[in-house]
Amino acid sequence: MLKPAHGVLVTSATLRGGGDWDVAEARTGATHLLRGASRFEAASPFDYAAQAEVLIVTDVKRGDMGALANAYARLGVASGGGMLGLFTAIRRLRGVHARIADRLAREGLPLYAQHVDPIDTGTLVDIFRDAPAASLLGTDALRDGVDVPGRSLRMVVMEGVPWPKPTVLHAARRLAGGGSGYDDRIVRARLAQAFGRLIRRADDHGVFVLLSAAMPSRLLTAFPPGVRITRVTLDEAVARAAALPSAAQTGHEARETA
């Protein structure tokens, strides 16, 4: 297949970003080829509707660092670790880490973070993977490229809707790409990537938590069909996190709880 080809693209399942094939071809530049792209799609092997759910927390005030840190701390303690916390800004990541590290440590729950711990990202992920009671905070690199199957990652918490930053380059791309629809495609792709960290094998179960009341309904197509999406208070999200199988449970107990 490769020898006679002028170009071959192998990509992940999130290329369409909750959209259609036109979106995928525009993102890859395939629309500019003289010969149209061939398309192939395989169904996911995972039963997302049974293995995961999405919780949109509606009562964490945007811009309130204390409230944001409190949400991460409560969720991390309730789940007994196993939390991947994702941020769109390094400043907020560091602010939350500074506020919750001691609290989690007192519960016997280690906390690691990109841009805080003097350890490369790959090593941080390895430590997180080997410590089911630990939590890990990070930014784009963890959202798009982490593979942690099993109980070590059972909850993804995202600080808010991952809108693109309003740079001059983004403004030009937005103008050429269809305005607000271009922004929506970026957000859907980022949400799909973040959700994709949660279920990595057939026996995984977990919850995806978005700390933003301002999540537009039109973007919910970023998540796999059939996944239950619920708008809840932080108290309700904490209760759901506490119901997750803990790091100490065996695989048999985890399946019974799920």
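The values are calculated or read from the model by the stated rules, or taken from the named source; none is laboratory data. Every value quoted in this text rests on a predicted model; they were computed, and no experiment measured them. Please note: Cβ atoms are built from the backbone with ideal geometry, for glycine as well, and neighbour counts cover all protein chains shown. Keep in mind that these areas ignore ligands, DNA and RNA; they rest on the heavy atoms of the full protein, side chains included. Shrake-Rupley method; radii C 1.70, N 1.55, O 1.52, S 1.80 Å.
Name the residue from 121, 175, 70 whose Cα lies farthest towards the positive end of the charge dipole of the chain, charges +1 on Cβ of Lys and Arg and -1 on Cβ of Asp and Glu.
About the Cα centre, the residue reaching furthest to the positive side is 175.
Of all the C-alpha pairs in the chain, what % are more than 25 Å from each other? The partial results should precede the final answer.
Details: 15075 of 33153 pairs.
In whole percent, the long-distance tail amounts to 45.
Considering the options 23, 45, 245, tell which one lies farthest towards the positive end of the dipole of the chain, charges being +1 on Lys and Arg and -1 on Asp and Glu at the Cβ, about the Cα centre.
Of the listed residues, the answer is 23.
Ranked highest first by average number of other Cβ atoms within 10 Å, how do 168-178, 135-145, 46-56 line up? Please report the intermediate quantities before stating the final value.
Working: 168-178: 12.1, 135-145: 21.0, 46-56: 18.2.
Put in order of decreasing packing, that is 135-145, 46-56, 168-178.
For the chain, give the magnitude of the charge dipole about the Cα centre (Cβ charges: +1 Lys/Arg, -1 Asp/Glu; no others), in debye to the nearest 20. Don't skip to the answer; put the middle values down first.
On the way: 32 positive and 26 negative charges, 138 e Å.
Computed about the Cα centre, the dipole is about 660 debye.
Count the net charge of all other residues whose Cβ sits under 13 Å from the Cβ of residue 171, scoring Lys and Arg as +1 and Asp and Glu as -1. Provide the component values of the computation, followed by the final result.
On the way: positive: 165, 173, 174; negative: 183.
Charge balance near residue 171 sits at +2.
How much of the accessible area of the chain, in percent, comes from carbon and sulfur atoms when a 1.4 Å probe is used?
On the way: 7170 of 13440 Å².
That share works out to 53 percent.
Gaussian network model of the chain, Cα springs within a sub-10 Å range: biggest mean-square fluctuation belongs to which of 37, 239, 73?
37
What are the residues whose amide H is under 5 Å from the amide H of residue 158, where those residues sit 5 or more places off or on another chain and H is modelled from the backbone?
86, 209, 210, 211
Quote the charge dipole size of region 110-152 about the Cα centre in Debye, to the nearest 20; the model charges only the Cβ of Lys and Arg (+1) and of Asp and Glu (-1). Mind dumping the intermediate values first?
Working: 3 positive and 7 negative charges, 39 e Å.
Using only the charged Cβ atoms, the result is roughly 180 debye.
Can you compute the helix-only [θ] at 222 nm over the chain? Use -39500 (n - 2.57) per DSSP H run of at least 4 residues, normalise by all residues, nearest 500 deg cm²/dmol. Walk me through the numbers before you get to the answer.
Working: 10 runs with 102 residues, N = 258.
Taken over the chain, the calculation gives -11500 deg cm²/dmol.
Once you have the Cα-Cα distance between residue 176 and residue 126, take 0.36 nm times their residue separation minus that, and quote the gain in nm to one decimal.
Details: separation 50, 0.36 × 50 = 18.00 nm, distance 4.03 nm.
Full extension of this stretch gives 14.0 nm more.
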